[in-house]
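Colleague: Pasting in a structure now, in structure tokens, and then I'll have a few things to ask.
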Amino acid sequence: MLSVSNLEVVYEDVILVLRGVSLEVPDGQIVGLLGANGAGKTTLLRALSGLLDIHHGKVTRGRITLDGERIDHLDPQQIVARGISQVLEGRRVFAEFTVEENLRVGAHTKPNDRAKNLERVFELFPRLLERRTQTAGYLSGGEQQMLAIARILRTGAKLLLLDEPTEGLAPVIVQQIGRTIREIKARGFTVLLVEQNFRFAQTVADRHYVMEHGRVVDMVPNSELSASMGRLHEYLGV
């Protein structure tokens, strides 16, 4: 289980962005992280994946643990080795590489499992098997999102951090991404899903944390989300 306890993050030594964030992501669940722009969602993902340094940020208080082991002091490679990988907002595939070359890059951390992992990825994403020799930059937005998720699965990740996976996608593709995320859960993966589209998050997540101004201000089980729309309206401004 991933646990975040009283986490504070500061940028440039002066800008306090996370203000005592605490949450838990149980194994085998999909946890939604909701909040308006500027709430601190992406900063939290950077802290979890070890990417704060390149954005001139650092953890100044609190801790992050994975299965009881503290990981907030580790570098990104060490965090990936422990099974946490992130799909960045905007997908960030290598546009000039083919689908298969993108997937090959994702497998560099697990060279002994390359063939097995590739077979598993193509089973989960048959569309990518059809497109394996196509240049990634010519894929549709939904196909690029599938490729981005597939690439981190090739690292051997068990906990996936997904940052706005439905951003800019047509409604029919959003539904397809939702099916993919549910299938990932069914195969034993754990997901922390950052979303502004709470109606999409409702179709996939088991519980939701709501962030506002760098704090977690609410936790809502998915079964209670519809009844909590009034509170979500106040938090998200929607």
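The values are calculated or read from the model by the stated rules, or taken from the named source; none is laboratory data. All values reported here derive from a predicted model rather than from experimental measurement. In this analysis, Cβ positions are derived from the backbone assuming ideal geometry, glycine residues included, and neighbour counts consider all displayed protein chains. Heavy atoms of the whole protein, side chains included, go into the accessibility calculation; ligands, DNA and RNA do not. Shrake-Rupley method; radii C 1.70, N 1.55, O 1.52, S 1.80 Å.
Colleague: Quick check on my filter: what residues within segment 184-217 are of a type in the set (D, E, K, R), touching a helix residue (DSSP H, G or I) at 6+ places or on another chain (Cβ under 8 Å) and open to solvent by 70 Å² or more (accessible area, probe 1.4 Å)?
Modeller: Scanning segment 184-217 gives a single hit, R187.
Colleague: It is to be established whether one or more residues within segment 44-53 are loosely packed, with under 15 Cβ neighbours inside 10 Å and free of Cβ contacts under 8 Å to residues at least 60 places away in the same chain.
Modeller: Yes, some residue in segment 44-53 is loosely packed, with under 15 Cβ neighbours inside 10 Å and free of Cβ contacts under 8 Å to residues at least 60 places away in the same chain.
Colleague: Sticking with this structure for a sec: Within segment 24-33, is even one residue crowded, with 16+ Cβ neighbours inside 10 Å, more than 15 Å from the chain's Cα centre (by Cα) and not β-branched (V, I, T)?
Modeller: Taking every residue of segment 24-33 in turn, none turns out to be crowded, with 16+ Cβ neighbours inside 10 Å, more than 15 Å from the chain's Cα centre (by Cα) and not β-branched (V, I, T).
Colleague: I would also like to ask the following. Enumerate the pairs (first residue in segment 225-237 and without any contact (Cβ under 8 Å) to a residue 60 or more places away in the chain and over 18 Å from T203 (Cα atoms); second residue anywhere and open to solvent by 20 Å² or more (accessible area, probe 1.4 Å) and assigned to a helix (DSSP H, G or I)) with beta-carbon separation below 7 Å, excluding pairs fewer than 6 apart on the same chain, so at least 6 apart or on different chains.
Modeller: Sorted first by the residue in segment 225-237, then by its partner, the list stays empty.
Colleague: Does G38 meet the test of being closer than 21 Å to R215 by Cα, open to solvent by less than 20 Å² (accessible area, probe 1.4 Å) and among the small types (G, A, S)?
Modeller: When the stated conditions are applied, G38 does not pass them.
Colleague: Do you know which residues across segment 14-23 are among the β-branched types (V, I, T), open to solvent by 10 Å² or more (accessible area, probe 1.4 Å) and touching a residue at least 40 places away in the same chain (Cβ under 8 Å)?
Modeller: Answer for segment 14-23, where residues must be among the β-branched types (V, I, T), open to solvent by 10 Å² or more (accessible area, probe 1.4 Å) and touching a residue at least 40 places away in the same chain (Cβ under 8 Å): just V17.
Colleague: Name the residues in segment 62-80 that are loosely packed, with under 14 Cβ neighbours inside 10 Å and either in contact with a strand residue (DSSP E or B) (Cβ under 6 Å, 6 or more places away or on another chain) or not in a strand (DSSP E or B) (or both), would you?
Modeller: D67, G68, R70, H73, D75, Q77, Q78
Colleague: Same structure again: Is segment 137-160 home to any residue that is open to solvent by 40 Å² or more (accessible area, probe 1.4 Å), farther than 10 Å from V99 by Cα and not hydroxyl-bearing (S, T, Y)?
Modeller: Checked segment 137-160: at least one residue is open to solvent by 40 Å² or more (accessible area, probe 1.4 Å), farther than 10 Å from V99 by Cα and not hydroxyl-bearing (S, T, Y).
Colleague: With T60, T109, T65 as the choices, which residue is out of contact with any Cys (no Cβ under 7 Å at 6 or more places or on another chain), hydroxyl-bearing (S, T, Y) and at pLDDT below 95?
Modeller: T109
Colleague: Out of everything in segment 120-136 that is closer than 14 Å to T98 by Cα and among the β-branched types (V, I, T), what residue ends up being surrounded by the fewest Cβ atoms within 10 Å (Cβ to Cβ)?
Modeller: In this case the residue turns out to be T133.
Colleague: I've got another one for you. With the checklist (1) open to solvent by less than 50 Å² (accessible area, probe 1.4 Å); (2) outside any helix (DSSP H, G or I) in hand, flag the one item N6 doesn't pass.
Modeller: Of the numbered conditions (1) open to solvent by less than 50 Å² (accessible area, probe 1.4 Å); (2) outside any helix (DSSP H, G or I), the odd one out for N6 is (1).
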